[in-house]
Amino acid sequence: MRMRLTGRGTGLLVAAVLLYGAGELAGYPLLRVLAGAAVGALLAGVALAIRRPRVAVRRDVFPDRVERGHPAMARLLVGNPGTRRQAGFTAREHGEHGAELAVTVRPLPPGGEATYHYELPTRRRGRFTVGPLILERADPLGLVRRPLPAGDTATLWVYPKLHPVRALATGHPRHHHDGPTTDDSLHGSADLRDVREYVVGDEVRHLHWKATARTGQLMVRDYVDPDHPRFTLLLDTRAKVLSENEFEEAAELAASLVNAAAMAGHRCRLLTSTGEDLTTFGGAQAARRLLDVLCEVAQDPAADRPMIPMSLSRKGVRGGCLVVVTGRAGPDLRGLAVVRPHFSSVYVLGVGTHGLGMDGLGVHGVEGVPRARRVSAADAAEAVNRWNELVS
């Protein structure tokens, strides 16, 4: 990067020009001497700042994944590999949303090292690039500075804030020695639980022809597996339903729910109205992948996009519990009736502070969607409390 004059240096240069002009016009040698002194100070600053700091710089971010509002630290290791004393300088870094962080590095003796720690801002959810580090050399009077890029960049993932959530326990006993089963079967199961009416998406190989002939309707064998709880969450990303602040609350609620389900060992599927679709098995790695998606998810400004994506009824993990996180202002939920037969339980969690509608706060049914419950709350914390009361 090029050398730059600071505000003080620019003012001094302007003053030097004015003093010299006034000295020439008025015939005062003192003014010309002052102008020369000012220019000399600027040239001395250039001579001091032009030398590049010969240091080895390494910066680490730990942890690289944090919840919003939790501390994230950067560790700066500066070493002087040369045989001369290294003058001090300033290391600057651009953080979240243009915020600038500055670290004053002390002079280093030959072969010396110094470690500095500073906190990174985590006020907003998102995936942020930390760096590159800018080493800034300046003169003692602060007239000239020379910024130089150094080191690699690092990535900081700021997750939505996580609230303590009770994982939903799905399933019912199959045999006394086999333990619980899921409410809906996974394809390929071995034990027959029931014979039920055919639903679009069921495998044709499971058709029960005798029952079909007897009832006059397509009937299928319903198979069950041992304990394989399934949890599907749909996050409404339509900007017309949630304001920016309400969407952050919805993201917190969604992150809290999928994190609790994944850590409880449930198979999880995360979808958004804009098309994100991630299916995972349970465990800490699954929770991390889900939170990575919610770290970067953004609202969709399209006004005509439906809340229910087509992929929810076509493929992926189905059965178990479906949770829809949306606004509290009464979005159109009629599309849920199409996917309702694929899930044993359906919950709609609405957050927001406006457009309360007729049902107000609390737990209600969903019109047009049988055996579905709707929870309305002002924010994520309140919605989590109501959810915990509902599933406990």
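The values are calculated or read from the model by the stated rules, or taken from the named source; none is laboratory data. These numbers were taken from a predicted model, which means no experiment stands behind them. For neighbour counting, all protein chains shown are included, and Cβ atoms are generated from backbone atoms with ideal geometry for every residue, glycine included. Heads up: the accessible areas ignore ligands, DNA and RNA and are worked out on the full protein's heavy atoms, side chains in. Shrake-Rupley method; radii C 1.70, N 1.55, O 1.52, S 1.80 Å.
Going by a ≥ b ≥ c, the root eigenvalues of the Cα gyration tensor, does the stretch 1-121 fall in the rounded group (a/c under 1.5), the prolate group (a/b larger than b/c) or the oblate group?
Numbers: a/c = 4.87, a/b = 2.04, b/c = 2.39.
It is oblate, given that a/c is not under 1.5 and a/b is not larger than b/c.
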I'd like to check one number: the per residue accessible area of the stretch 42-115, probe 1.4 Å, reported in Å² as a whole number. 56 Å²
Share of carbon and sulfur in the accessible heavy-atom surface of the stretch 1-159 [1.4 Å probe, %]: 57 percent
Relative contact order of the stretch 1-80 (C-alpha contacts under 8 Å, at least 6 apart) in percent is 21 percent
What the Cα atoms of the stretch 53-112 span along the principal axes, largest first and in whole Å, is 44, 20, 13
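From the Cα gyration tensor of the stretch 243-282, with a ≥ b ≥ c the square roots of its eigenvalues, which class applies: rounded if a/c is under 1.5, or else prolate if a/b is larger than b/c, or else oblate? Write out the running numbers ahead of the final one.
Details: a/c = 5.27, a/b = 1.55, b/c = 3.40.
Oblate, since a/c reaches 1.5 and b/c is not below a/b.
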J(HN,Hα) series, the stretch 335-349, from Karplus relation 6.51 cos²θ - 1.76 cosθ + 1.60, nearest Hz, glycine and proline x: x, 5, 5, 6, 9, 4, x, 7, 10, 6, 8, 9, 10, 10, 10
In debye, nearest 20, what is the charge dipole magnitude of the stretch 251-321 about its Cα centre with +1 on Lys and Arg Cβ and -1 on Asp and Glu Cβ, if you could check? 420 debye
What does the highest-first list of 41-47, 257-263 look like by mean Cβ count within 10 Å? 257-263, 41-47
Search the structure for amide H atoms under 5 Å from the amide H of K161, placed 1.01 Å from N in the peptide plane, and list their residues when 5 or more places away or on another chain. R68
Positive minus negative residues near L390 (Lys, Arg vs Asp, Glu; Cβ under 10 Å): +2
